[in-house]
Amino acid sequence: MPDLVFDDVSITYRTAAARGRGDIAAVRNVSLSLPAGGTLGIAGESGSGKSTLAMSALRLLPDNAVIDGQVRVGDRSVADLSFGELRALRWSEVAIVFQGAMHSLNPVRTVGQQIIEALELHVKDGWRTAEARKARLAELMDQVDLPIAKAASYPHELSGGQKQRIMIAMALACEPDIIVADEPTTALDVIVQGQILEVVKDLVTRRGISLLMISHDLSVLATACERIAVMRNGELVEVGESQQICTEPREAYTKQLADAFPTIGDPASRLKPVTRRTDSARTGSIDAIDAADASAPARTAVEGDAWSTGEVLLEARNLSVTFRSRGKSVRAVRGVDLACRQGEIVALVGQSGSGKTTLARTLLGLEAPDQGGQVLFRGKPLGRSTKRLREFRRQVQLILQDPSAALNPKLSVYESVAEGLRIQRYPGDERAQVAASLENAELMPPEHFFEAIPHELSGGQRQRVVIAGALAMNPQMLIADEPVASLDASARGEILALMLRLRDELGLSALVITHDLGLAWNIADTVAVMYHGEIVERGATETVLLDPQHEYTKKLLAAAPKIVGREGVLATAR
């Protein structure tokens, strides 16, 4: 079984100097080794170079990437391999689990066909016949804890966790010696994330596979890897045993990365998300530490609870939602009672499929509730009249999970933010309102962003644009569906801190839909836990998260990856 070695590797992307960018040094003089049968995690934020380094192991970088140094699999330099040798190496010796299973799978082929394709293209003696490949498929589905019947499904028919298991099965198909997993659990709920990590750990232990895992989340890496390397701005910051990196880091940046995901029960992180960037960094720089923010006193739980005396803004009473298809009925929401008061942040917590998003869509008037259920805004039934819904949707705005999907890639930031104003026929100064909204979303100076298009912005900046579009309507409440699920550590903290500031300065209420208990600890006054369409537990954040009464709440807390040795109840990951 071969080692994977990065020997003084530097990777530069050559870009058009005419656009003012020139060459971009993505990786700088990195030396790392993954011994046979070992597990190594590479941690870092977006743009740190971790994925670029990992993809160089199989020469999967774009043509404008220039690699200096050596990447070796065993005693072979990857750069010296012919196309045929490289093709033989891929899948058979080194396989990759790509980030974002939905985008990596072919939507018009069944997942079973896609696994078999790897066996057909990289044939070994044991799989030369169709019968042998079908037997191997059944074996692989069993290894990732999926019934063989799921092999006949198309990607859209599977949950996020099931799609990720299929990606792992594809990587295992040709019995590789090394697996590279690039953010394999990003945006998965804690239950599914825990299951995926258990599958990975079990396969590594049982089959002796070497694992190189990429993530921005140290607690995920600590769960699966013996050693962790931390990267920043293309450089190696620190390498060590997982326990040491997470609990006794030598470098300040590593500590910031570890602290970015809060510890439930730690008073220092209660109502105070960790941020690193200065105001100037909101235009794109990621190098500075926000000393003022670090020294600011945290808001206390008492301050947060003071909002709970406000007027009830949005309320669900005995709300049920049933979907009917092909003669079958599925009740997605069952008899829910939920209220959000003026200036209150409520976290609606639960795993995928629990009914959270359906409840949110019904609260917004996008789904009709079953007879007997009501949605009330300021004590009045929402109704279905166009005029009433139009005014309601101006006052209650939605923030979608994926900012890349929420923004039209062809529209400038100005056009995206102004779109709602035009739909609502805003009578005032449009340009001034767009500028004010961008400032409220902490994109400054706003004029700097007017002509930018989404692909020119970072993930955190794109999410700020989405928030600015919501703020442009001067709403009284935001409904945010997994607002930080796809963001890295520092962007996550910034967006959560922004939501707290909007509540404190503008009095905005928020219903935040999430599977992330750490997010609830960071910003929520109240937590409601949803399971199989029902609210099974709710109350003040400290009460629910520190003294859970329902077994499902306890299961959610137990499923979150833990960093042993850190203070508090547990260190949580998304």
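Rule-based calculations on the coordinates, nothing more; no lab input. All figures in this text were calculated on a predicted structure; none of them were measured in a lab. Here the Cβ is made from the backbone with ideal geometry for all residues, glycine too, and neighbour counts use every protein chain on show.
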Note, ³J(HN,Hα) from phi for segment 177-183, Karplus 6.51, -1.76, 1.60, rounded to Hz, x at Gly and Pro: 8, 10, 10, 9, 10, 9, 6
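For the chain, what is the calculated [θ] at 222 nm in deg cm²/dmol (nearest 500), taking -39500 (n - 2.57) for each run of four or more DSSP H residues and dividing by its residue count?
On the way: 22 runs with 201 residues, N = 574.
My calculation for the chain gives -10000 deg cm²/dmol from helical runs alone.
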5 angstrom amide H check on ILE264, placed H, neighbours 5+ away: VAL569, LEU570, THR572
Length-normalised contact order of segment 103-175 in % [C-alpha pairs under 8 Å, at least 6 apart]: 45 percent
Segment 301-537, relative contact order in percent, only Cα pairs under 8 angstrom and at least six apart counted: 29 percent
Using θ = phi - 60° and Karplus 6.51 cos²θ - 1.76 cosθ + 1.60, couplings along segment 160-165 (whole Hz; Gly, Pro as x): x, x, 5, 4, 5, 5
Highest to lowest packing among 256-269, 317-330, 512-525, scored as the average C-beta count within 10 Å: 512-525, 256-269, 317-330
Angstrom value of the Kirkwood radius, inverse mean 1/r, which spans all Cα pairs in segment 49-195: 16.3 Å
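Given a Förster radius of 22 Å and the C-beta distance between THR15 and ALA79 as r, what FRET efficiency does 1/(1 + (r/R0)^6) yield to the nearest 0.05?
Working: r = 21 Å, r/R0 = 0.97.
Efficiency computed from Cβ-Cβ geometry: 0.55.
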Against the rule of thumb 2.2 N^0.38 Å, how large the Cα Rg of segment 301-537 comes out: 1.00
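If I take R0 = 35 Å and measure r between the Cβ atoms of GLN70 and GLU241 in this structure, what FRET efficiency does the formula 1/(1 + (r/R0)^6) give, to the nearest 0.05? It would help to have the intermediate numbers written out before the result.
On the way: r = 26 Å, r/R0 = 0.73.
Using R0 = 35 Å, I get an efficiency of 0.85.
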Degrees between helix 130-143 axis and first principal axis of the chain (Cα, 0 to 90, nearest 10): 50 degrees
Principal-axis tilt of helix 190-207 within the chain, Cα atoms, nearest 10 degrees: 10 degrees
The chain: relative contact order in percent, alpha carbon pairs under 8 Å with at least 6 residues between: 16 percent
Segment 384-398 versus segment 525-549: alpha-carbon centroid distance in Å: 29 Å
Diffusion constant of segment 103-175 at 37 °C, which comes from Stokes-Einstein with the Kirkwood Cα-pair radius and 0.692 mPa s, µm²/s: 273 µm²/s
Relative packing of peptides 433-439, 184-190, 481-487 - highest average C-beta neighbours within 10 Å first: 184-190, 481-487, 433-439
Cα-based helix-to-principal-axis angle, 111-121 vs the chain, degrees rounded to 10: 20 degrees
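Which of the peptides 167-173, 116-122 is most tightly packed, and how do the rest follow, going by the mean number of other Cβ atoms within 10 Å of each residue?
167-173, 116-122
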Sequence-distant residues sharing a close amide H with VAL333 (under 5 Å, placed H): VAL321
More than 36 angstrom apart: percent of Cα pairs within the chain: 38 percent
